[in-house]
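Here the structure is laid out as structure tokens; the discussion comes afterwards.
Read-outs throughout are calculated quantities, based only on the coordinates presented, and are distinct from any laboratory measurement. Note that the coordinates shown come from a computational prediction; the quantities given were computed from them, not determined experimentally. Cβ coordinates were reconstructed from backbone atoms using ideal geometry, including for glycine residues, and neighbour counts include every protein chain displayed.
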Amino acid sequence: MRTTTRALSGVGMLITLGIVYGDIGTSPLYVMNAIIDQTGRQAVAATPIMLGSISLIFWTLMLITTVKYILLAMRADNRNEGGIFALYALVRPHANWLIVPALIGGAALLADGTLTPAVTVTSAIEGLKGQTLGPVHFSSAQGWVLLVVTGILLGLFLIQRFGTERVGRSFGPLMLLWFGFIGLVGLINLVRVPGMLRALSPVYAVQFLFSPINHQGIFILGSIFLATTGAEALYSDMGQVGRPNIYGTWPFVYAMLMLSYLGQGAWVVRHSTQLAATHPVNPFYAMVPASWQWFAILIATIAAIIASQALITGSYTLVHEAIGLKLLPRLRIKFPGNVKSQLYITTVNWLLCVVTLSIVWYFRTSSNMEAAYGLAITVTMLMTTLLLHAFLVQRHHQRLAWLYVISFGLLEGLFLLASLAKFVHGGYVTLLITLVILTIMVFWYAGNRRRDAHLEATEDVSLLDFVPQLERLSDDDQVPTFATNLVYITPVSSSYRIKRAVIYSILDQQPKRARVYWFVTVNETDTPNECAYTVNSLGTSNVMDVQLYLGFKKPQRLNVYLRQIVNDLLNEGVLGDQTPRYSSIPFRRVGNFKFVMLNQQFQDLGVQGDLPPLDRLLIGGRLLLQRITLSPQRWYGLEFSDVVEEKVPLFIGQQPDRTLRRQR
């Protein structure tokens, strides 16, 4: 299906502004405020502090956002998808150890995404404190701010189910207005202190970093880094809008951001004495003309909502890719739009909602949130650097790969060191969330790997070897009929390899006699509405290998599809007559279906003694996650079908216990 958002176009760029730039675009709301709080309100040193800080911001955006992500990382796309998991999928054949940075980076990015909606929306709403609108006066208390922020975030999470394309179309024009506004206000203040343009020279960045007036030393980079925290999310959202539209919009966004920072710096220089003598003020709101204050608060709130949107959609994309790479358990995914990357995951949406609101009420003020913000994302950026190094090596750019990993590794290492100072001020919260997500990923991924390693020699069998037994069982009148059509949803490879547990279920658990045995492999395709199948009867009339190809927007209604397939094969004479003797449906030709879902569990392995404790822990954790997440019945749309859940041992067959002795 054709989409207008991937190719370079005016509409595509407008949608890009609405989806991609919310996080990095709202950084002017809090970055300068965080810098002033960290450096202290030194009136006599305002000019060198502002020149140095803005220079650091400019070159941080240039090096990390523009060079690393826009020019380099976005070339490492996986079927037009971006993000750390898409990048890992490209480089994983290069080395097995690359799964480590992929897991750590993905978990940290998902964790840090819970803080972005909290800090941006709270920063915007706090601009109302002390304001008067007609008869309404907003007090300086924080309680009502928290209530308003909670209402806004709840509303944002509620609208996610309508799809990112619709959200992007409505947010795009508003985000264009936002960037135009912050650029204009910044320019108005900059023309009064044009000397601030000297900050574009890297000399001022280096001088300030090692200057005695910078009491924080390199730890000032913890606040500077906040200006580029949206870069990783920008890369993750590439699949939503396409690389050309990001290339077309970034120069405009970069220019407007810098005008805002330069304007804030100019205002601080002009009002340094006032800033040092009065209660803390946010330079972003302070530089706005008094008659524009209400509009500034309104548009800032809208932009903060869009910032939250960028992280939410990025989280959906990351989780979807992680599920495809078997790094996370299976979750129900919906596709409200017309392209695969425009998706909605209910579980992720409401988990993000709960965690984000918890952060709002735990930290309470935006300044407290800023102190915790950015630590986890520096970890993600370092992990992305390692994966991009492997990508460049794979593409035979050895020298560029080493130049890249050394330069950006050192740069981001400095940012990580600076951000570690935030640990005791709240960074521990995002790191704790990172560890929880990472633990789930490790159990799911490593549990799968260890299980497969132990089952490698016994679980995979050839379906062809058991076809004669299945035919005899189907014709054996001495065994009661279990079902007319017995269905197992299980992968069958091109060489007819199948899980041994399936054959064990049919022949060993309790012989299951059926007229036709169906082994169905469900393949998800990149075409939205594809719905096709192939059938291989394996030279029989009662053993069917079905490969079902479903587009990502097609519902998983396997019972409906199988009835249609049976009707097709009956018309072709491949299957024998299945007309039931008794039925309320006139002219019904298809017999009953029974779906068997295998629930693999540990049997008592104490007598075997060949499973290491760590492997038992990982495999057991993986099976636990499988039981508490989305059930196969719901995933395949079989809630109202005849489904049998059958427990089978994880390891078929047990070795004898050599200590057993017969007593005389």
Multiplying the sequence separation of Gln394 and Trp292 by 0.36 nm and subtracting their Cα-Cα distance, what value in nm do you get? 31.4 nm
Restricting to DSSP H runs of at least four residues, report the calculated mean residue ellipticity at 222 nm for the chain, -39500 (n - 2.57) per run over all residues, nearest 500 deg cm²/dmol. -17000 deg cm²/dmol
Looking at segment 343-431 from every direction and averaging, what is the projected area of its Cα convex hull in nm²? 7.7
Would you work out the Kirkwood radius for segment 52-97? I mean one over the mean of 1/r across all pairs of different Cα atoms, in Å. 12.1
Report P(r) for segment 213-283: all Cα-Cα distances, bin width 5 Å, range 0 to the bin holding the largest distance, values in whole percent. 3, 12, 14, 19, 19, 13, 9, 7, 4, 1
Using 0.36 nm times the number of residues separating Ser493 and Leu200, minus their current alpha carbon distance, what extension gain do you get? 99.6 nm
For segment 216-357, treating each Cα as an identical point scatterer without solvent, what Debye log10 I(q)/I(0) comes out at q = 0.14, 0.20, 0.21 1/Å? -0.90, -1.32, -1.38
Treating cross-link reach as a plain straight distance, find the lysines whose alpha-carbon is under 29 Å from the alpha-carbon of Lys554, omitting any fewer than eight places away in the same chain. Lys326, Lys334, Lys340, Lys499, Lys594
Between Glu639 and Glu530, what FRET efficiency comes out of the Förster formula 1/(1 + (r/R0)^6) with R0 = 30 Å and r the beta carbon distance, rounded to 0.05? 0.80
With label points set 7 Å from each Cα along the Cα-to-Cβ direction at Arg332 and Thr481, the distance between them in nm comes to 3.4
Once the piece of chain linking Leu630 and Tyr428 is laid out straight, how much longer is it, given 0.36 nm per residue of separation minus the C-alpha distance between them? 69.7 nm
Fraction in percent of alpha-carbon pairs per bin - 5 Å, segment 513-589: 3, 14, 23, 23, 16, 13, 7, 2, 0
For segment 83-192, evaluate the Debye formula with one uniform point scatterer on each Cα (no solvent term) and list log10 I(q)/I(0) at q = 0.15 Å⁻¹, rounded to two decimals. -0.99
Classify segment 490-530 from the C-alpha gyration tensor, please: rounded if a/c falls under 1.5, else prolate or oblate depending on whether a/b exceeds b/c. prolate
For the chain, count all C-alpha to C-alpha pairs, find those more than 31 Å apart, and express that count as a whole percent of the total. 59
Using the Cα gyration tensor of segment 47-145, the equivalent ellipsoid's semi-axes, largest first and to the nearest Å, work out to 40, 21, 12
At 20 °C and 1.002 mPa s, grab the translational diffusion coefficient of segment 460-528 from Stokes-Einstein with a Kirkwood Rh over Cα pairs, rounded to a whole number in µm² per second. 166
For segment 369-436 and segment 177-236, write down the distance between their C-alpha centroids in whole Å. 20
